[in-house]
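One structure is given below, encoded as structure tokens.
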Amino acid sequence: MSVTVATLGFPRIGPRRELKTALERYWSGKTSAEALLATAADLRAKTWARQQRMGVGHIPSNDFSLYDHVLDTSAMVGAIPPIYGWSGGEVGLDTYFAMARGAQGHAEDDAEDCGHGHHQGLDAPAAEMTKWFDTNYHYLVPEVSEGQSFALSSTKAIDQFQEAKAQGVHTRPVLLGPVTFLKLAKSKAAGFDPRGLLKDLLPVYAAVLNRLELAGADWVQIDEPCLVLDLDEDDKAALKQAYRLLSRMAPGVKLVLTTYFGGLGDNLETAVGLPVAGLHVDLVRAPGQLDRVIAAARPGQVLSLGVIDGRNVWRADLPGLLDHLAPRLAADRQWVLAPSCSLLHAPIDLEIETAIDADVKSWLAFGLQKIEELVVLARALNEGRVSVAAQLDASRAAAAARRSSPKIHDPAVAARLASVTERMARRGVTFGKRQAMQIGRLDLPSLPTTTIGSFPQTDKVRKARADHDKGVLSDADYESFLREETARAVRWQEEIGLDVLVHGEFERNDMVQYFGEQLQGFAFTRHAWVQSYGSRCVRPPILFGDVSRPRPMTVEWWRYAQSLTEKPIKGMLTGPVTILNWSFVRDDVPRELACRQIALAIRDEVTGLEAAGAKIIQIDEAALREGLPLRRGEWESYLGWAVESFRLAASGVADHTQIHTHMCYAEFNDIIAAIGAMDADVISIETARSKMELLDAFADYAYPAEIGPGVYDIHSPRVPTVGEMADLLAAAQGRLSIGQLWVNPDCGLKTRKWPETRAALVNMVAAAKAARKAVG
């Protein structure tokens, strides 16, 4: 049997987040472009060499990116909007980072996660950003226009193939497929379908493939994850058109078409019918499709099987996988074993974790360990199980230990969940009646101003946290420091005239990790970082067992902050669906069961805040939309338990207590009814980059509750003017009544610097006051 191993992509950030450090030093002007590019090249070289040593047969190149692979594709094809001042030729770093992060001339830059690069004199916002399929990775939305011209404007794919070749590593370059690229793209022209640009786009792809062939590439991986979506006949026709042309224009390169995040379903016939030499399928999200794919595949077509989970951290049951695979893999076909998707979504190396519980660690596999699992599977199939008997025995023992561990199940949690009634997930009266109570109790002006929750986590804050973690700073001194930061933030909010204040969250490391660390059933790592976007990295908690809340988590910090002011301080919590979706979730129980357990724990904190005197409690559900299944036929089930979980967390309070929620970048049109069913009193959403376009869904739905559409983009250090924010408020008022509107930034301000935060919020308050005056 001929079985080889492939990786579809590897994390870019480096084992110690070396790329993050290099990017932020470059953005802050502390280092040169040459130094940044040298760090990137070093990371690539080490990644290629390590995979080669481990026995990977198909090592990817062009999976590395300085910011985002979709943005890389926009640069490759020259899809650069005019506002970025690009005049053709090679897309340089200034233009690239201006699209990623916005640009504001010589404004002071940010050393945390976003900024303007060094594009002097350009004043432009960042490109729109949204979530990559159903993941927490953010991509830059391509912008195209009717009559768009494309040209090869970045040779990165060819350059990185040649770079690896010079180091003795023969790679398989990765490209985002043309059809998926156009399906992700947007146009400002109403009614224009970017798919109509396919004929003009394909010559650029053909040019890239031809150059790769000349450079010595024999295989090229083309990612078309759109094949796991609900496709119409035009989509299928576009795929056929694209690959007929590419196979004809670049006949010397073999293409492997890569799908992931779901099953092919009714797109199977289209996928296997395309003139490509190989096909990759996700057998983690859709294990049942294997037999259908084998039966439908053409003779001689290489099948790549995504058998190891590229998005979660659990160790595979290798003997069980072999029992499933071995009878199905015929000797007359070439087979490739791979992760289900790129390992971009997984931490890099479990071996550098030293603080995690030993039992939990024994159940885990990070990126490098997943490659080791693939190599073991391939050897077992090629050479027989006896060749890897020790590894298979260890895998079997780990799976058995996890199943039987007393750390997994808590009878008290199961009993409480069984006692939940439908009434517990309902507020006492309808929103209209609640709103009247809340208006009288809060006494806020029209267009009330607030922020989403967090304030800048400065180097000083991070150092204090690190010193406390190391034992250098005592508990008492650390708490005193945090109280000073909180008091300073509360005073400043009062000074600039915000109406509803927050305590700033200086004690919190991350909006999910902070809660997970205080809940039973979660484990945490020190180095298991994954990229969210650009240099922004997160360490998702590992949800391994039943969840409960042993003690209050936020009440005392809220109580202290509220003691400093007469203005209302929001209680700030992360919602159960977001905690679930932003964690590595256990795979031994249904996701909805785990979510309801988290909801009950958050419910306890909500009622605790209310009992302490909180009049406004925000329960962020930033990740509700990203958990939505990719196939519409599965939406109803997910939205049913997700909305119920939020309501279970939120509905234990009195009707005069105002419940807020917040959602990140997402398309709301198709889930607006579910958002309405959440029955929050106020929702804040990210709308600045879309110029309030996302409010159309709420207007068309006649959303009854109150909304805080973000009036400036916090993912860029650019400070918008009062006029810009006033224009966005006017656009919002054109869609919704003034009585519905709040005024706030797009998201939390944790990753920003204080100078830009102060300037932007002062402008925001001024814009709100001007809007109030304009309407009398």
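The values are calculated or read from the model by the stated rules, or taken from the named source; none is laboratory data. Keep in mind that this is a model prediction, so the values were computed, not measured. Every residue, glycine as well, gets a Cβ built from its backbone with ideal geometry; the counts of neighbours run over all protein chains shown. Ligands, DNA and RNA are excluded from the accessible area calculation, which covers all protein heavy atoms including side chains. Shrake-Rupley method; radii C 1.70, N 1.55, O 1.52, S 1.80 Å.
Here are the numbers for the structure shown:
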item	result
Nonlocal amide H pairs with residue 143, under 5 Å, H built at 1.01 Å	186
Interchain or long-range residues, amide H under 5 Å from residue 661's placed H	619, 682, 683, 684
Spin-label model distance (nm) - residue 1 vs residue 669, 7 Å beyond Cα toward Cβ	4.7 nm
Contour excess over end-to-end distance, with Cα ends at residue 83 and residue 429 and 0.36 nm allotted per residue	119.7 nm
Whichever lysines have a C-alpha closer than 20 Å to that of residue 240, once near sequence neighbours (fewer than 8 apart) are set aside	183, 199, 254
Filtered trypsin sites (Lys or Arg not before Pro), segment 660-748: DSSP coil and at most 16 other beta carbons within 10 Å	691
Global form of segment 661-738, assessed from the alpha-carbon gyration tensor, a/c cut-off 1.5	prolate
Rounded, prolate or oblate (a/c below 1.5 giving rounded, otherwise prolate when a/b exceeds b/c) for segment 393-480 by Cα gyration tensor	oblate
For the chain, size of Cβ-based charge dipole, Lys and Arg +1, Asp and Glu -1, in debye	640 debye
Net charge of Cβ neighbours under 12 Å - reference residue 562; Lys, Arg +1; Asp, Glu -1	+2
Charge context of residue 766, other residues only, Cβ under 15 angstrom, K/R +1, D/E -1	0
³J(HN,Hα), Karplus 6.51/-1.76/1.60, whole Hz, each residue of segment 735-741, x for Gly, Pro	10, 9, 6, 5, x, 8, 8
Filtered trypsin sites (Lys or Arg not before Pro), segment 1-39: DSSP coil and at most 16 other beta carbons within 10 Å	16, 30
Segment residue 460-residue 34, length gained on full extension (0.36 nm per residue, minus Cα span)	150.4 nm
Computed E for residue 93/residue 18 - FRET, C-beta separation, R0 30 angstrom, nearest 0.05	0.95
Approximate spin-label separation residue 701-residue 358, in nm, with each point projected 7 Å along Cα-to-Cβ	5.0 nm
For residue 742, residues with placed amide H under 5 Å, excluding near neighbours	707, 708
Estimated distance in nm for a label pair at residue 495 and residue 635, the labels positioned 7 Å out from Cα along Cα-to-Cβ	4.8 nm
Heavy-atom accessible surface of the chain: percent carbon and sulfur, 1.4 Å	51 percent
Three principal axis lengths of the chain [C-alpha, angstrom, descending]	75, 63, 52
Residue-by-residue Karplus 3J(HN,Hα) for segment 581-595, coefficients 6.51, -1.76, 1.60, Hz, glycine and proline x	6, 9, 10, 7, 9, 4, 10, 9, 9, x, 4, 5, 5, 4, 5
Debye log10 I(q)/I(0) for segment 362-402, one point scatterer per Cα, at q = 0.14, 0.27, 0.30, 0.33 Å⁻¹	-0.31, -0.96, -1.05, -1.10
Residue among 548, 395, 225 farthest towards the positive dipole end of the chain, charges placed on Cβ	395
Solvent-accessible area per residue for the chain (1.4 angstrom probe, square angstrom)	36 Å²
Stretchable slack from residue 298 to residue 593, in nm (0.36 nm times residue separation minus alpha-carbon distance)	102.1 nm
